[in-house]
1. Quote the FRET efficiency, to the nearest 0.05, computed for Ser62 versus Glu297 with a Förster distance R0 of 56 Å and r equal to the Cβ-Cβ distance.
2. Accessible surface of Ser338 in the full protein assembly, 1.4 angstrom probe, to the nearest 10 Å²?
3. Estimate the FRET efficiency between Leu263 and His106 by the formula 1/(1 + (r/R0)^6), using the beta-carbon distance for r and 30 Å for R0, to the nearest 0.05.
4. How would you rank 394-406, 292-304, highest first, on the average number of other Cβ atoms within 10 Å across their residues?
5. Place a point 7 Å from Cα of Ser186 in the direction of its Cβ. Which residues in the stretch 280-323 have their backbone N less than 20 Å from it?
6. Per residue, how many Å² of accessible area does the stretch 386-425 show with a 1.4 Å probe?
7. Would you mind computing, in nm to one decimal, how far apart the modelled labels at Ile54 and Gln304 are, each placed 7 Å from Cα along Cα→Cβ?
8. Please report the base-10 log of the normalised intensity I(q)/I(0) for the stretch 352-399, using a Debye sum with one equal scatterer per alpha carbon and no solvent, at each q in 0.14 (1/Å).
Amino acid sequence: MLSIVAGSSKPPSRYRRSAQNYDELENFTSPFTIKSKPVRSTVVERDVSGLTKIDDLPPPESFDALQCGGERIRTIIAALQHNVLVRKEDLMRNLDYVARVLESAHLDETRRLMEEDDVLSEIEPDSVPNEVRDWLAMTFTRSMSTMKRRPEEKPKFKSVAQAIRAGIMVDRILKKWSLRVKVKVSLTSLQNFLEQMEMGYSKYHNPYHNLIHAADVLQTTYQINWLTDHELFAMFVAAIIHDFEHTGTTNSFHVQSKSDVALIYNDRAVLENHHVSAAFRLMRIDDYNIVSEFSNEEYRDFRQLVIDMVLATDMSFHFTQLKNMKGLLSMPENIEKSKALALVLHCADISHPGKPWHIHHSWTENLLEEYFKQGEKEKELGLPCSPLCDRENTLVAESQIGFIQYIVEPSFSVMGDMLEKIIKSCDITSAPASPVPLKSPSPLPSPSPPSSAGSSNESGNVNEDTNGQVQRPLTTPTPTTYQTGHLPLRRPWEDNLRLNKERWQTSAEEEKRRRELKSIPE
């Protein structure tokens with residue numbers, strides 16, 4: 001039995017340092033932090049007696065074991081702090097239990113990271129260049145976000161706020177669905193808020209992460225309409241703010257360069273945390289408070305949905321997000337709204353390969369230009385050049401083939417399956433006999449790449465893009481399907497993904513021939 005006795009002058013030297021450290025904590029917030037010290041000791045003694053009960057604890061590999069193990073450690077710490085008697089046998093058994101919990105948690109995390117890498121390990125070594133493999137791993141997994149890399153390796157935008165003033169978004173979003181009335185949003189506050197969004201997105205003059213990207217993501221999410229008014233509003237706001245004040249550099253760059261924002265958010269989802277935090281800080285100002293008329297419950301739900309959606313755009317969670325959604329699809333229960341919305345926004349964020357070639361190719365050029373500018377900054381700072389950030393050596397076509405094949409296609413496939421399940425689970429018996437099909441809005445006017453793959457006119461007819469290609473909403477069920485009880489989901493992105501990948505494959509072959517010719521000595 002340990003010689004830790006209530007009322008003794010001090011604990012044994014072996015535990016004295018720990019006890020002293022906790023005595024010095026002014027704001028110690030364990031469950032035992034209450035005003036009266038004798039009462040605290042009584043509470044500790046009562047909880048210490050519970051340490052003898054260990055047989056009915058949750059299995060170390062279970063999720064509940066994490067909380068239970070933490071509570072046990074806190075109890076032991078409090079006992080040391082207040083010199084309360086702890087039996088040696090109880091201490092050893094509980095510490096052994098906590099050790100097994102931590103080992104299990106570490107094993108699960110290691111297995112998860114390995115599974116993320118396994119997705120990429122399935123790539124044939126000769127099918128994807130090392131630089132592309134490194135980029136996929138660094139961007140879309142967490143296991144290689146700080147890996148050691150091999151040493152060798154400004155358009156004028158039409159603002160969303162101006163579009164609002166022109167009536168484009170007002171007519172199609174606020175007025176058409178009466179969102180402003182149902183969700184109680186001040187049009188003046190919304191306009192002011194969007195003007196601040198414009199300033200934030202224009203702050204760093206990014207070729208890719210700019211106003212038009214935000215509008216593109218917003219319009220892509222608009223085409224998926226199966227939500228309540230408040231959920232729809234949360235989705236729109238999340239799409240608008242999801243890259244607010246983006247610096248034009250990656251999370252990895254912030255971590256490696258030890259930027260202020262990386263220090264604020266402890267190297268975790270650095271940019272995503274900033275986007276959502278900065279937007280909500282803006283909402284605290286009266287002129288930009290688009291949620292001022294929300295009830296406490298409405299604001300809480302809105303805030304949670306927006307946070308979940310924006311943080312899910314952190315690309316390093318990509319494989320985990322897809323794996324979790326696949327698991328939910330195999331279950332009979334309905335899919336949690338926040339997880340469904342998060343996947344929709346993530347897919348919208350990476351959706352340009354699922355749109356016609358002229359749109360996809362323009363976005364690719366803009367994104368690579370942004371990468372190249374980061375590469376120049378990395379060279380100036382003496383940092384290793386990140387994958388795809390070297391202007392002279394990046395394999396553009398190969399990178400897009402890998403992006404489509406291993407990231408976008410699986411994402412849209414899972415999202416399509418998810419939407420199928422959601423639509424089938426809806427109560428279609430109360431639907432009208434001849435419902436109006438879902439329609440996408442007209443593209444926002446801008447000299448940049450058009451912000452969606454298609455649009456419908458007010459009568460519900462499809463339009464053609466500038467190249468004469470037919471464009472349709474992403475998820476339009478036919479009216480007759482309501483009467484049959486089944487809503488098949490159209491997936492027009494599949495054809496675009498296939499065609500775009502084929503064009504990149506042709507370009508990749510041309511790039512390879514040019515490299516081979518260049519390597520032939522004169």
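The values are calculated or read from the model by the stated rules, or taken from the named source; none is laboratory data. This one's a predicted model, so the numbers in the text were calculated from it and none came from an experiment. Using ideal geometry, Cβ is built from the backbone for each residue, glycine included, and neighbour counts are taken over all protein chains shown. Accessible surface is based on the protein model in full, side chains and every heavy atom, while ligands, DNA and RNA are left aside. Shrake-Rupley method; radii C 1.70, N 1.55, O 1.52, S 1.80 Å.
1. Details: r = 32 Å, r/R0 = 0.57.
In this case the efficiency is close to 0.95.
2. 20 Å²
3. Working: r = 26 Å, r/R0 = 0.87.
After rounding to 0.05, the efficiency reads 0.70.
4. Values: 394-406: 21.4, 292-304: 13.6.
Ranked from most to least packed, the peptides come out as 394-406, 292-304.
5. 280-300, 302-303
6. Computed with neighbouring chains in place, this is 30 Å² per residue.
7. Simple spin-label model gives 3.7 nm for this pair.
8. With no solvent term, the Cα-only Debye profile gives -0.37.
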